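Data block below; observations after.
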Amino acid sequence: MNNMKRTTLSIMKKECRRIFTDRRLFFTTVILPGLMMFILYSIMGSFIANLFAVDEEHLFQVHVVNLPNSAAELFAPDELQLQIIPTNEADINEIIQRLADRQTDILIVFPSNFDAEVAAFDVATATTPAPNVQIWANTAHSTSHQARHIVTTILNDYHHALTHRFSINAPTEYTNEDDFDLATEADVFAMAIGIMIPMVFIIVIFSGSQAIVPESIAGEKERGTLGSMLVTPACRSGMALGKILGLGVFALLSALVSMLGIILSAPIMLGMSASNLFDFYSIADFVLLLLVSISTTLIAVSLLSVLSALAKSVKEANAFAMPLTFIIIVTGFVGLLLGGAPDEFFFYLIPVVNSALSITAVFSFDVNVVNVLITVATNIAISLIFAFVLAKIFNSEKIVFDK
């Protein structure tokens with residue numbers, strides 16, 4: 001028993017000494033994960049909080065039909081930043097179409113004799129519906145979403161002040177409450193998954209690559225098999241490219257299966273059918289996603305191959321990849337940070353960032369094929385550069401045989 005106790009304490013002290021005296025190991029395994037999570041979730045919270053944020057100087061365009069004198073002062077305060085635009089009943093359909101196209105913010109339709117109907121309406125004895133005020137908006141558009149919140153708050157307060165003598169968006173023979181929100185199912189889907197899908201895509205691609213690359217390169221280096229291979233007269237560039245392409249095929253298959261599961265499950269999470277995907281997106285959209293996935297996988301495999309070749313062991317290779325994982329996760333949010341996929345081509349010359357933006361563009365129905373092709377070409381070019389670097393590393397006996 002005493003021997004067992006001494007052995008246990010001895011081994012425990014040895015392991016603790018090894019971990020706590022190895023500064024790099026202690027930082028990467030104890031400090032870095034918590035630091036990454038803190039920074040990541042802080043960024044996510046900031047991005048999500050700003051999802052429907054509107055420029056503080058934005059003046060909401062509020063089209064109002066039959067604005068009654070009794071309600072005019074409700075929308076007057078300057079701090080509300082409402083630009084009241086008197087609108088004729090004949091123009092209602094035009095404004096509704098503009099709302100659907102995200103060209104204006106909100107439409108309010110009062111009954112033509114609102115004040116008289118409110119004065120005559122008695123909640124206790126009424127046999128006919130209360131006067132109905134319609135609020136048309138597009139909640140998939142941030143400014144329209146915010147405008148509806150402001151206007152609904154104003155009219156709800158007014159509704160209570162008048163002791164419920166009118167209704168807001170009451171169902172009729174031809175409409176229900178949901179009809180006044182012009183956001184389509186496709187808009188809701190794109191808005192809901194637009195936050196997470198680009199990040200998840202990038203993470204899945206790099207995770208699949210990280211699962212196999214360190215073992216294949218750093219593992220072979222650690223076991224000595226890589227050195228044996230390099231003493232043969234084989235072309236170093238060919239070996240580097242073959243490693244990247246071979247590992248890339250497996251990593252891509254792993255990523256595609258995971259991404260397929262993610263894409264098919266996304267509509268179900270929103271109460272839709274998986275078949276809705278083919279209503280929202282075309283075959284061309286999925287082809288573009290495939291091209292981006294292939295080129296991004298090549299980036300991931302080639303970069304991790306270089307890091308693994310520089311590492312002395314699989315453990316060290318994975319430690320090298322950990323900070324990279326954090327950067328990749330943050331990169332997935334760049335579309336949200338920029339408010340969508342920008343048109344400027346230079347964004348698509350930045351590796352990984354271009355992939356996240358291209359994926360965002362496809363899922364947001366705002367895809368520019370030229371920018372996606374720039375993304376694919378850029379990623380392939382960068383992958384070839386990493387392949388060249390890997391070949392140079394294979395030529396260095398100091399690095400290859402350093403254990």
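The values are calculated or read from the model by the stated rules, or taken from the named source; none is laboratory data. Nothing here was measured: the structure is a model prediction, and the numbers come from that model. Note that each Cβ is placed from the backbone with ideal geometry, even for glycine, and that neighbours are counted across all protein chains shown. The accessibility values were calculated without ligands, DNA or RNA, using every heavy atom of the protein model including side chains. Shrake-Rupley method; radii C 1.70, N 1.55, O 1.52, S 1.80 Å.
Points to keep in mind about this one:
- Test for Arg148: is it assigned by TED's automatic domain parsing to the domain that holds Ser70, crowded, with 18+ Cβ neighbours inside 10 Å and under 40 Å from the mean Cα position of the chain (by Cα): yes
- Residues of segment 87-124 satisfying the condition of being closer than 22 Å to His159 by Cβ and either touching a Cys at 6+ places or on another chain (Cβ under 8 Å) or surrounded by fewer than 16 Cβ atoms within 10 Å (Cβ to Cβ) (or both): Ser112, Asn113, Asp115, Ala116, Ala119, Ala120, Asp122, Val123, Ala124
- Residue within segment 306-327 that is within 17 Å of Pro198 (Cβ to Cβ), open to solvent by 20 Å² or more (accessible area, probe 1.4 Å) and of a type in the set (Ser, Thr, Tyr) present: yes
- Check on Ile84, assigned to a strand (DSSP E or B) and in contact (Cβ under 8 Å) with a residue 12 or more places away in the chain: yes
- None of Ala240, Ala266 is in the same structural domain as Leu307 (by TED's automatic domain parsing), in contact with a helix residue (DSSP H, G or I) (Cβ under 7 Å, 6 or more places away or on another chain), surrounded by 13 or more Cβ atoms within 10 Å (Cβ to Cβ) and closer than 20 Å to Thr378 by Cα except Ala240.
- No other residue among Gly340, Gly335 is open to solvent by less than 50 Å² (accessible area, probe 1.4 Å) and either modelled with pLDDT of 80 or more or assigned to a helix (DSSP H, G or I) (or both) apart from Gly335.
- Only one entry of Ile393, Ile382 meets the criterion of being farther than 16 Å from Ile197 by Cβ, open to solvent by less than 50 Å² (accessible area, probe 1.4 Å) and modelled with pLDDT under 90, and that entry is Ile393.
- Counting only residues that are at pLDDT below 90, over 24 Å from Ser70 (Cβ atoms) and β-branched (Val, Ile, Thr), segment 97-126 holds 0 of them.
- If you check Val301, Val376 for being open to solvent by less than 30 Å² (accessible area, probe 1.4 Å), more than 29 Å from Leu277 (Cα to Cα) and assigned by TED's automatic domain parsing to the domain that holds Ile212, only one passes: Val301.
- As for segment 344-351, it holds no residue that is surrounded by fewer than 24 Cβ atoms within 10 Å (Cβ to Cβ), touching a residue at least 24 places away in the same chain (Cβ under 8 Å) and of a type in the set (D, E, K, R).
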